[in-house]
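Below you'll find the structure, written out as structure tokens, and then a few comments.
The values are calculated or read from the model by the stated rules, or taken from the named source; none is laboratory data. Computed from a predicted structure; not experimentally measured. Glycine gets a Cβ as well: all are built from the backbone with ideal geometry, and neighbour counts include every protein chain shown. In case anyone asks, the SASA skips ligands and DNA or RNA and just uses the protein heavy atoms, side chains included. Shrake-Rupley method; radii C 1.70, N 1.55, O 1.52, S 1.80 Å.
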Amino acid sequence: MKEGYIMTENQIKELIKIAVAARKNSYSPYSHYQVGAALLATNGQVFPGCNIENAAYTPTNCAERTAFFKAVSVGVRDFTAIAIVGSPEGDEITQCSYPCGVCRQVMMEFCNPEVFQVIVARSLEEYEIRTLKDFLPEGFGPANLNQ
Ligand code: THU
């Protein structure tokens, strides 16, 4: 049986709202694709993040990693869930925006893939919620180095 923290509908919606607000800060003058994330730590703190692009392209940071790095940089390393919203520039979220492979790997570094919840939302009512393991099966993480 899968153990873990079961989020309520309200908690999920609150997290999506924070991701939607974070998306407004997206700095994406090159792709014009705006992403927002809200990372819920087990201590209850929420870390918003947005994508931050760069004229040299490769230094671009995804919204999910922005949220993770903000948290880790202030000493927070235990996480429950992340909500993600992304769509082309504009107010409307028109589609589900799934985390890229690099962001999945960063999640793998800090989260238990069996229980960490990834919420991909198209609106407050329409979202998919799955574990990190669903998004990154057979992932390589810190535990693999100690086997
Ligand atoms: N992006 C994210 O912020 N998160 C993802 O998981 C996928 C892609 C950003 C990076 C870039 O600024 C834009 O979306 C287009 O790839």
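Of all residues in region 126-147, those that are of a type in the set (A, V, I, L, M) have Cβ atoms under 7 Å from Cβ atoms of residues that are part of a loop (DSSP other than H, G, I, E, B), 6 or more apart or on another chain, in 132/111; 132/113; 132/116; 136/113.
The single condition among (1) open to solvent by 50 Å² or more (accessible area, probe 1.4 Å); (2) farther than 30 Å from residue 144 by Cα that residue 86 does not satisfy is (1).
Of all residues in region 79-133, those satisfying the criterion of being in contact with a Cys (Cβ under 9 Å, 6 or more places away or on another chain) and among the acidic types (Asp, Glu) are 126, 128. Taking the criterion of being open to solvent by less than 50 Å² (accessible area, probe 1.4 Å) and touching a Phe, Trp or Tyr at 6+ places or on another chain (Cβ under 9 Å), the residues of region 45-64 that qualify are 47, 49, 50, 51, 53, 60, 61.
The set of residues from region 45-89 being in a loop (DSSP other than H, G, I, E, B) and away from the ligand (no atom under 12 Å from the Cβ) comprises 45, 55, 56, 74, 75, 76, 77, 78. Can you spot a residue in region 93-114 that is open to solvent by 20 Å² or more (accessible area, probe 1.4 Å), near the ligand (Cβ under 10 Å from one of its atoms) and within 16 Å of residue 22 (Cα to Cα)? Scanning region 93-114, I find no residue that is open to solvent by 20 Å² or more (accessible area, probe 1.4 Å), near the ligand (Cβ under 10 Å from one of its atoms) and within 16 Å of residue 22 (Cα to Cα), so the answer is no. So residue 118 clears everything in (1) β-branched (Val, Ile, Thr); (2) open to solvent by 10 Å² or more (accessible area, probe 1.4 Å); (3) more than 10 Å from the ligand (Cβ to nearest atom) except one condition, right? Which one? Against the list (1) β-branched (Val, Ile, Thr); (2) open to solvent by 10 Å² or more (accessible area, probe 1.4 Å); (3) more than 10 Å from the ligand (Cβ to nearest atom), residue 118 comes up short only on (2).
Just one of the numbered conditions (1) open to solvent by 20 Å² or more (accessible area, probe 1.4 Å); (2) within 15 Å of the ligand (Cβ to nearest atom); (3) in contact (Cβ under 8 Å) with a residue 12 or more places away in the chain; (4) out of contact with any Lys or Arg (no Cβ under 9 Å at 6 or more places or on another chain) is not true of residue 22: (1). The set of residues in region 25-44 being open to solvent by 70 Å² or more (accessible area, probe 1.4 Å), within 13 Å of the ligand (Cβ to nearest atom) and in a loop (DSSP other than H, G, I, E, B) consists of 25, 30, 32. Within region 65-83, being open to solvent by 10 Å² or more (accessible area, probe 1.4 Å) and within 14 Å of residue 117 (Cβ to Cβ) holds for 78, 79, 80.
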